[in-house]
Amino acid sequence: MASSPRASASIATRLLALLLLALLAACGPSKQDSQYAALMGYGKALRWGGLEDATQYLAPEYRAKHPLTSLEINRWQQVQISGYSELGDAALDNDGQTLRQTVRISVINRHTGVERQIIDRQEWRYDPEAKRWWLWSGLPRLTH
């Protein structure tokens, strides 16, 4: 039994839609998806992962120019991050490549049990070659 022209058109439309979806998936994550992944991933890394996980979000150039000192590493080992919350929306600069975000981080001193909050002003820059956002403002300062 021969198929009708309408059925052939429907099959062709479905195949075209599948092809377009496959092409979109092959293009990789969008800049906005990458931004969301970086900001959320970094917050989770600080809160649940620790120093090593968090440093993976620092721009390689920044890490090379500002290696962590043993004093900074010791300070990080003395605290537990107990909270991480964005203060307002992240703001994209006019260049579309720089993002600024302010967050409140709750820090508990492991020795005293005292919790305090610090405000971290972050600067993120988009790397079009790597298709990802890098943190350029460094890790939060644990001292006043």
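The values are calculated or read from the model by the stated rules, or taken from the named source; none is laboratory data. Quick caveat, the model's predicted, so the values are computed rather than measured. Neighbour counts run over all protein chains shown; Cβ positions are idealised from the backbone, glycine included.
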Exercise. Within the range 47-77, track down each residue that is loosely packed, with under 14 Cβ neighbours inside 10 Å and more than 17 Å from residue 137 (Cβ to Cβ).
Key: 48, 52, 69, 70, 71, 73, 74, 77
Exercise. State which residue pairs qualify: first residue over 9 Å from residue 132 (Cα atoms) and in a helix (DSSP H, G or I) and inside the range 27-48, second residue among the charged types (D, E, K, R) and modelled with pLDDT of 90 or more in any location, beta carbons under 7 Å apart, and separation of 6 or more residues or different chains.
Key: 45/53
Practice problem: Could you list all residues from the range 49-91 that are closer than 19 Å to residue 129 by Cβ and either touching a Leu at 6+ places or on another chain (Cβ under 7 Å) or small (Gly, Ala, Ser) (or both)? | Solution: 57, 58, 59, 64
Quiz item: Looking at the range 111-139, which of its residues are modelled with pLDDT of 95 or more, outside any strand (DSSP E or B) and surrounded by 11 or more Cβ atoms within 10 Å (Cβ to Cβ)?
Solution: 136, 137, 138, 139
